[in-house]
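Please treat every number below as a calculation from the coordinates, not as lab data. Since we're looking at a predicted model, the values are computed, not measured. Cβ sites come from the backbone with ideal geometry, for glycine too, and all protein chains shown count toward neighbours.
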Amino acid sequence: MNEQKWIVAARNYLGTAEVHGSGTAPLIRTWLTSLKAWWTDDETPWCGTFVAACMKEAGILPAKNWYRAMGWLDWGTPIARPVPGCVVVYARTGGGHVGFVVGRDGTGRIMTLGGNQGDRVSIAAFDPLRVAGYRWPSAVPLPTTELVLFASNGQPASNNEA
C-alpha cells in the first residue's frame with residue numbers, strides 16, 4: 001500500500017501513550033517542544049499535537065491553530081468525502097477531536113488513526129455523524145484510491161478523546 005508520508009509517520013507512533021499524573025510521555029513532550037507549544041504536559045488534550053507533529057515530520061505546514069482540534073477546519077482544502085489519509089475533524093462535547101482517516105468498517109464507521117484516543121495513539125472507529133469536516137493538504141494531489149474496509153469488531157464507537 002502506498003500511503004501518504006504523514007500516515008507512515010503516524011503509524012510509527014501507534015501505541016504511544018500519555019503518562020497519567022504529573023509525568024509526561026517523553027515523545028509527546030518532544031512534539032510539544034518541536035511545535036513551540038507553551039505547555040509541556042500530556043494531560044492537556046493532544047490530538048491536534050499528534051496530527052501537527054506527523055504533518056511537520058512529512059514536511060507539511062500544520063494548521064495555524066494546530067493545538068485546537070477544530071482549528072484544523074481552517075487548514076488545507078475542504079473535501080466532501082473521506083479519502084485515505086485525509087484529516088478528519090469530529091465534534092464532541094467541550095471541543096473536538098482530530099485525526100487521520102485510514103478506512104471504514106463494515107457498519108460505516110470511520111476508522112481514524114489519531115492521538116489521545118483512549119490516552120494513546122490508536123486506530124479507533126468513529127460515528128460518521130460526528131464529522132465536522134474533512135481536509136486535505138492544499139499542495140498535495142488528492143488520491144483516487146478508496147478507503148480500506150476494516151472488519152467490524154463489535155466495539156462501540158470511540159467517545160474517549162479528551
Listed residues Thr145, Thr40, Thr107; largest mean-square fluctuation, Gaussian network over the chain with Cα springs below 10 Å, found at Thr145
Please identify, among Asn65, Asn12, Asn116, the residue showing maximal mean-square fluctuation in a Gaussian network model of the chain using a 10 angstrom Cα cutoff.
Asn12
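Restricting attention to segment 34-74, which trypsin sites (Lys or Arg not before Pro) occupy a DSSP loop and are surrounded by at most 14 other Cβ atoms within 10 Å?
Numbers: sites: Lys36, Lys56, Lys64, Arg68; in loops: Lys36, Lys64, Arg68.
Sparse-neighbourhood loop trypsin sites (Lys or Arg not before Pro): Lys36, Lys64.
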Give the cross-link partners of Lys36 among the aspartates and glutamates, using a straight C-alpha distance below 18 Å as the criterion and excluding same-chain residues fewer than 8 apart.
Glu57
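Which of Ile60, Ile79 comes first, and how do the rest follow, when ranked by fewest Cβ neighbours within 10 Å?
Numbers: Ile60 18, Ile79 14.
Starting with the residue having the fewest Cβ neighbours, the order is Ile79, Ile60.
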Comparing Val19, Val102, Val83, which has the greatest mean-square fluctuation in the GNM of the chain with Cα pairs linked when under 10 Å apart?
Val19
GluC sites (Glu not before Pro) in segment 15-73 lying in a DSSP loop, each with at most 16 other Cβ atoms within 10 Å of its Cβ, come to Glu43
For percent of Cα pairs over 26 Å apart, which listed value, (1) 24; (2) 33; (3) 19, comes from the coordinates shown?
(3)
I need Asp127, Asp119 ordered by Cβ neighbour count within 10 Å, fewest first.
Asp127, Asp119
Simple spin-label estimate for Ala132/Lys64, 7 Å along Cα→Cβ, in nm, reads 1.6
Fewest-first ranking of His97, His20, using other Cβ atoms within 10 Å as the exposure measure:
His20, His97
